[in-house]
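Just below is one structure, and these are the notes that go with it.
The values are calculated or read from the model by the stated rules, or taken from the named source; none is laboratory data. Since we're looking at a predicted model, the values are computed, not measured. Here the Cβ positions follow ideal geometry from the backbone for every residue, glycine too, while neighbour counts run over all protein chains shown.
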Amino acid sequence: MKRVLVTGGSRGIGRATALQLAGLGMQVFVNYKCNQQAANEVVTNIIESGGNAIAIQCDIAHENEVVKMFATIREKYGELHYLVNNAGILFHKCTAEQLTAERINAVMATNVTGLLICCREFIKNRQNLAATQDAVIVNISSISARFGMPGENVDYAASKGAVDTITKGLSTELAELGIRVNSVRPGVIYTDIHSDAGEPERVDRIASNIPMKRGGKPEEIAEVVTWLLSDASSYMTGSIIEVGGGR
Ligand code: NAP
């Protein structure tokens, strides 16, 4: 059975991804930071559908917790085959003048440092997997990496630019090890990230500016992530796929 860790798998895009991957017969590790109940609900949903899933708490912004999470999975269940770096945070919108170092560092600690440390822990024990076995990382970026979210969340957009740079760098570095690394850049998607950032109606506000005139569903991102983990995309690495309704 293939094993996959989905960071931030307890809700939104991560939840949809966890459910799809479990449906394909993978053992899914559903990471969360705070909301144990939401993670347990995803796990229960998967188990009741005949799948295999385990909730695992870890704040990826803390290196020691990430090291412990990967070590726990490895020791109890075996080496991971796939990593979906999905966990990410978005603060309330603000102008450049209102930005603080504390806020910028908090965004970067989860969206960039945490993601890269997860990559490091994932590749650390690659020699334990047979050379013939595929290993894939999918990083969840954002189309905001392209336009920068001026007057709203430049810090967040910058973090997603960094995610895509990490994808490019690691894909080249790890290609010879047989590890593929790709990014998915969602457009604006109906999840709770927007209400947490103080604007629950954000998707509907932006929808008229999207060529397809609607926000995306988490499942529409999960489909692309699932495809990138599969052999159907076996010649793809270092790619950045936009899923934004044409925006
Ligand atoms: P969401 O609904 O806010 O869910 C975020 C998930 O990440 C939750 O499971 C949360 O767990 C977890 N998480 C947050 N910080 C964490 C940390 N430090 N350590 C571990 N887990 C953490 O988010 P979403 O909208 O599904 O977004 C998922 C990814 O897609 C993010 O990287 C986001 O930037 C990206 N994205 C989203 C959109 C969009 O419109 N929704 C667009 C472009 C890109 P707890 O609830 O337990 O804290």
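One residue is enough: does region 42-52 have a residue meeting the conditions within 15 Å of the ligand (Cβ to nearest atom) and either under 14 Å from Tyr82 (Cα atoms) or in contact (Cβ under 8 Å) with a residue 40 or more places away in the chain (or both)?
no
Identify, by number, the condition in (1) touching a strand residue (DSSP E or B) at 6+ places or on another chain (Cβ under 9 Å); (2) away from the ligand (no atom under 15 Å from the Cβ); (3) not charged (D, E, K, R) that Ile241 doesn't meet.
Every listed condition holds for Ile241 apart from (2).
Give Ala232, Ala197, Ala222, Ala207 a once-over and let me know the one that is farther than 18 Å from Ile143 by Cβ and not charged (D, E, K, R).
Ala232
Is it fair to say Thr237 is touching a residue at least 24 places away in the same chain (Cβ under 8 Å), surrounded by 17 or more Cβ atoms within 10 Å (Cβ to Cβ), within 14 Å of the chain's Cα centre (by Cα) and closer than 28 Å to Met26 by Cα?
Considered against the rule, which asks whether it is touching a residue at least 24 places away in the same chain (Cβ under 8 Å), surrounded by 17 or more Cβ atoms within 10 Å (Cβ to Cβ), within 14 Å of the chain's Cα centre (by Cα) and closer than 28 Å to Met26 by Cα, Thr237 comes out as no.
Taking region 11-38 only, how many residues are within 16 Å of the ligand (Cβ to nearest atom) and in contact with a helix residue (DSSP H, G or I) (Cβ under 9 Å, 6 or more places away or on another chain)?
Residues meeting the conditions: 19.
Considering each of Lys93, Lys76 in turn, give the residue that is in a loop (DSSP other than H, G, I, E, B), surrounded by fewer than 17 Cβ atoms within 10 Å (Cβ to Cβ) and at pLDDT 95 or above.
Answer to the selection: Lys93.
Check Ile56 against each of (1) crowded, with 16+ Cβ neighbours inside 10 Å; (2) more than 13 Å from the chain's Cα centre (by Cα); (3) not in a strand (DSSP E or B) and name the one condition it does not meet.
Failed condition: (3).
Report whether or not Leu83 is modelled with pLDDT of 95 or more, assigned to a loop (DSSP other than H, G, I, E, B) and either more than 24 Å from Ser171 (Cα to Cα) or touching a strand residue (DSSP E or B) at 6+ places or on another chain (Cβ under 7 Å) (or both).
Considered against the rule, which asks whether it is modelled with pLDDT of 95 or more, assigned to a loop (DSSP other than H, G, I, E, B) and either more than 24 Å from Ser171 (Cα to Cα) or touching a strand residue (DSSP E or B) at 6+ places or on another chain (Cβ under 7 Å) (or both), Leu83 comes out as no.
Kindly indicate whether Glu176 is among the acidic types (Asp, Glu) and in contact (Cβ under 8 Å) with a residue 40 or more places away in the chain.
no
State whether one or more residues within region 191-209 are under 14 Å from the mean Cα position of the chain (by Cα) and either within 11 Å of the ligand (Cβ to nearest atom) or in a helix (DSSP H, G or I) (or both).
yes
Which of the residues spanning region 21-38 are crowded, with 19+ Cβ neighbours inside 10 Å and either within 15 Å of the chain's Cα centre (by Cα) or not in a helix (DSSP H, G or I) (or both)?
Passing the criteria: Leu21, Met26, Gln27, Val28, Phe29, Val30, Asn31, Tyr32, Lys33.
So that you can scan it fast, the table gives a plain yes or no per residue for (1) within 10 Å of the ligand (Cβ to nearest atom); (2) at pLDDT 95 or above; (3) farther than 15 Å from Asn182 by Cα; (4) crowded, with 20+ Cβ neighbours inside 10 Å:
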{"residue": "Glu121", "(1), (2), (3), (4)": "no, yes, yes, yes"}
{"residue": "Ala131", "(1), (2), (3), (4)": "no, no, yes, no"}
{"residue": "Ile140", "(1), (2), (3), (4)": "yes, yes, no, yes"}
{"residue": "Gly151", "(1), (2), (3), (4)": "no, yes, yes, no"}
{"residue": "Ala158", "(1), (2), (3), (4)": "no, yes, yes, no"}
{"residue": "Val163", "(1), (2), (3), (4)": "yes, yes, no, yes"}
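So which residues in region 210-234 are outside any helix (DSSP H, G or I) and within 20 Å of the chain's Cα centre (by Cα)?
Gly215, Gly216, Lys217, Ser230, Ser234
Given the conditions (1) part of a loop (DSSP other than H, G, I, E, B); (2) within 12 Å of the ligand (Cβ to nearest atom), which single one is not true for Val184?
(1)
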